[in-house]
Amino acid sequence: MIIQKNVSLLPFNSFGINALAEEMITVEHASELQGIIGGGLLSDKMVFVLGGGNNVVFVGNFDGAVVHMANKGITVLDEDADTVTVRAEAGEVWDDFVWYCLEHQWFGLENLVAIPSSIGAAAVQNIGAYGVEAKDFIVEVEALDIATGNKRCFSNAECSFGYRDSVFKHSAKHFIIISVTFRLSKTPKLNLSYLAINQYLAYSGITDPTPKQLAKCIADLRWSKLPKPEVQGSVGSFFKNPVVTASHYEELKERFPNLVAYPAGDGYKLAAGWMIEKSGWKGRTVGRVGVYPKQALVLVNCGGCDGNDVARLANAIIADVETMFGVRLQPEAILVG
């Protein structure tokens, strides 16, 4: 356990924002966290739990305690001829975990490769891509109650997973995730439902992909349209794809025949990036922050931006999209400060 005062958060967020934390507690073992809580070190303080910092925008200094989960470990809890149940500590790097599973021939997470995240944050956000979400494989999430230090295990149902959502996203002041348990298959069942995947495989001459080939395909697809955090600061997709009613969809489809949308329950999920592009924002730069030229869903650091720069640009985009489409975008990114 490492406790520091007045720490720059620049190395701990992928957008590259230089905010300060009044206090930063780096946790390498869950037992240390219980000691921190039991010793009252988090009492009467604002607390923010930081994983990989890949979905966070600091809009100011944080006047409280940032708890950085750095606990590592992958443990097989149970397995049979068909499945394996494996627990990963919250501080494990998500992409490393996905490839670790592939190396051990545990399948299901291939479509979620190359997503910058920690294991804990993946559960908070219910990360998803190319037709797959983390919730599809999560069995249980183990967390600590910030008030008492007691452990609580949340079943998949108790996590209340939704589109880029979970119970932890709304109770961040109450629980800190310490590990996530997954159940994976020993038999590949590849999800090839996205057209882009099939086009890439066909272009590559692959007709019957292995799980590793699919993962490589998806990694290539992601990085062809998203900036790598080490090259240009961003949090990946900044906005959620909004869901509208069928009647709203029909109205928009009549006005915009090329509207990009997909059925979602009783309504339709609209492509936020398409709407942002049609609103004239793709590739535009405003001061020190801009919209990525290859993907309008992504906001990028153009050099030394702060969180207020990002928030101003996001609000301008939200306003223009709402004016044009009557749809209010919601950030997928978490704004803190």
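The values are calculated or read from the model by the stated rules, or taken from the named source; none is laboratory data. Since this is a predicted model, take the numbers as computed values, not measurements. Cβ atoms come from the backbone with ideal geometry, glycine included; neighbour counts cover every protein chain shown. Note: accessible area is taken over every heavy atom of the protein model, side chains too, but ligands, DNA and RNA are not part of it. Shrake-Rupley method; radii C 1.70, N 1.55, O 1.52, S 1.80 Å.
The accessible surface of segment 107-158, taken with every protein chain in place and a 1.4 Å probe, is 50 percent carbon and sulfur.
Our summary of shape: the Cα atoms of segment 11-127 have principal axis extents of 50, 33, 19 Å, ordered from largest down, in whole angstrom. Bridgeable lysines around residue 5 (alpha carbons under 19 Å apart, same-chain partners fewer than 8 residues away excluded): 45. Each 10 Å bin, from zero up to the one with the longest distance, holds this percent of the alpha carbon pairs of the chain: 5, 24, 32, 26, 11, 1, 0. Counting lysine pairs in segment 203-273 whose alpha carbons fall under 17 angstrom apart, excluding pairs fewer than 8 residues apart on the same chain, gives 5. Over all directions, the projected convex hull of the C-alpha atoms in segment 222-287 averages 5.8 nm² in area. In the context of the full set of protein chains, the chain has a per residue accessible area of 45 Å² (1.4 Å probe). For a straight C-alpha distance cut-off of 16 angstrom, the aspartates and glutamates reachable from residue 72 (same-chain residues fewer than eight places away being disregarded) are 28, 32, 89, 92, 95, 96, 142. If R0 equals 51 Å, the separation of the Cβ atoms of residue 312 and residue 45 corresponds to a calculated FRET efficiency of about 0.95. All C-alpha pair distances within segment 221-337, sorted into 5 Å bins from zero, spread as 2, 12, 22, 24, 18, 12, 7, 3, 1 percent across the bins.
Stretching the chain fully between residue 334 and residue 82 yields a gain of 87.0 nm (0.36 nm per residue, less the alpha carbon separation). Simple point charges give the picture: +1 on the Cβ of Lys and Arg, -1 on the Cβ of Asp and Glu, and for the chain a dipole about the Cα centre of about 880 debye.
Label positions at residue 75 and residue 96, each projected 7 Å from the Cα along the C-beta direction, are separated by 1.8 nm.
Only protein atoms count toward the accessible area here, which uses a 1.4 Å probe; on segment 1-89, the carbon and sulfur part of that area reaches 50 percent.
Here, segment 163-266 is characterised by an Rg to Rh ratio of 1.03, where Rg is the alpha-carbon radius of gyration and Rh the Kirkwood radius.
Computed over the alpha-carbon pairs of segment 289-337, the distance histogram in 10 Å steps reads 23, 56, 20, 1 percent, short to long. Once the C-beta distance of residue 210 and residue 63 is scaled by a Förster radius of 41 Å, the resulting FRET efficiency is 0.25 to the nearest 0.05.
On the principal axes of its alpha-carbon atoms, segment 78-129 has extents of 31, 19, 16 Å, going from largest to smallest.
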